[in-house]
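Engineer: Take this structure, written in structure tokens, and hold onto it; I'll ask about it next.
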Amino acid sequence: MTKLAALVAGIIFGAGLVISGMTNPDKVQAFLTLNNNWDISLIFVMGSALFVASIGYAISNRRVAPLFADDFHAPVNRVIDQPLLAGSALFGVGWALSGFCPGPAIVGAFTLDARALLFLLAYLMGVLIFEQASARKGSAQAAVDG
Amino acid sequence: MTTDFLQNALANATLDTAVIGGCLIGLAATWLYLSIGRIAGISGIAARALRDPGWPLMFIVGLGIGGWLAAVIGASLSADNLASAATASSTSIVSHLTDTTQRWIWLVAGGLLVGFGTRMGSGCTSGHGVCGIARLSPRSLVATCVFLATGMVVATLLSSSGLLTSSSGLLTTSSGL
């Protein structure tokens, strides 16, 4: 049941990414580039997603437990630390260079978009490099906010 | 000048599909939380799917199915038919393969930075930008401001220096579907 619920969530999410145009890296770069061709669509995508999710989380949190699981797994870390800032800064740079963030790249890879496939290979390398580096430092696995 | 800038930004935008797609993303995040209590942060789910082929992998597969369905249905609605949607995706591979090598460098560099950065910062556009802010997480609000800021600075600088525009065809406004 957990797997089916996750599959349904993925399907809705993937459809939303394609319909909103966010799987097109040129459109994302047109949002990040502040010039006369600025395209503010991404603000409306994020804004409407935020609006719906805010209401959805508020309603869900009235329950003691989720429908098909024992506990809610929301992150509890509220400390703004250096890895959060540095990691997010690096992510923003990579997002600008490629026009991809993880979700659209995964969707694009399934539709055999060569750009998304190449990005995703490098992305997986980046994930592995981070995990190797943090394992070598002996530090605990980084907290997962989402 | 400022009004021109904003008018252009609105004219370039595809507001109807942005809002419909955004609502679906919000709905998906709500459903994942309401049904199994999980946050729809894709970088976190992808990292988890690499070692746990349970619900995270199913979510990833769902992303592909949903995206493919929306692309096919969207193509059939916009006067094209399924066949042309199929050819469009195969020709696009060819055209992207013959794209400038410069673009490949941006994609690889970007992929490495996004992979490393989203693990280090424990989230991406979905996990911090949508789910985290919706949960009123101060970490996610700060993270989102940071990646939007660095992203905008880098894209704008590269574009004004001509580096990004020449390689990615940024000036050709394409509307997605």
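No value in this document is a laboratory result; all are computed from the given coordinates. Since this is a predicted model, take the numbers as computed values, not measurements. A quick note on method: Cβ atoms are made from the backbone with ideal geometry, for glycine too, and the neighbour counts reach across all protein chains shown.
Engineer: Return the average number of partner chain Cβ atoms within 10 angstrom of each residue Cβ along peptide B:134-142. Spell out each step's value before the answer.
Structural biologist: Values: counts 10, 9, 3, 7, 4, 11, 6, 1, 4.
That works out to 6 on average.
Engineer: Continuing with the same structure: What average number of partner chain Cβ atoms lie no more than 10 Å from the Cβ of the residues making up B:157-163? List each step's numbers first, then the result.
Structural biologist: On the way: counts 3, 5, 8, 3, 0, 0, 1.
Mean shielding count: 3.
Engineer: So how far apart, in nm, are the two label points at A:Leu124 and B:Ile65 if each is 7 Å from Cα heading toward Cβ?
Structural biologist: Label-label distance for A:Leu124 and B:Ile65, simple model: 2.1 nm.
Engineer: Counting other beta carbons within 10 Å of each Cβ, put B:Ser160, B:Ser122 in order, fewest first. Could the numbers behind the result be given before it?
Structural biologist: Details: B:Ser160 13, B:Ser122 29.
Taking fewest neighbouring Cβ atoms as first place, the list is B:Ser160, B:Ser122.
Engineer: Shifting gears a bit: In the neighborhood of A:Ser41, defined by Cβ-to-Cβ distances under 15 Å, what is the net charge if each Lys or Arg adds +1 and each Asp or Glu adds -1? Please list the in-between numbers first.
Structural biologist: Details: positive: A:Lys27; negative: A:Asp26, A:Asp39, B:Asp16.
Every neighbour counted, the sum reads -2.
Engineer: Follow-up question, since we're still on this one. Taking K and R as +1 and D and E as -1, what net charge do the other residues with C-beta under 10 Å from the C-beta of B:Phe59 add up to? Intermediate results must be reported in sequence, preceding the final value.
Structural biologist: Numbers: positive: A:Lys3, B:Arg38, B:Arg48; negative: none.
Around B:Phe59, the charge tally is +3.
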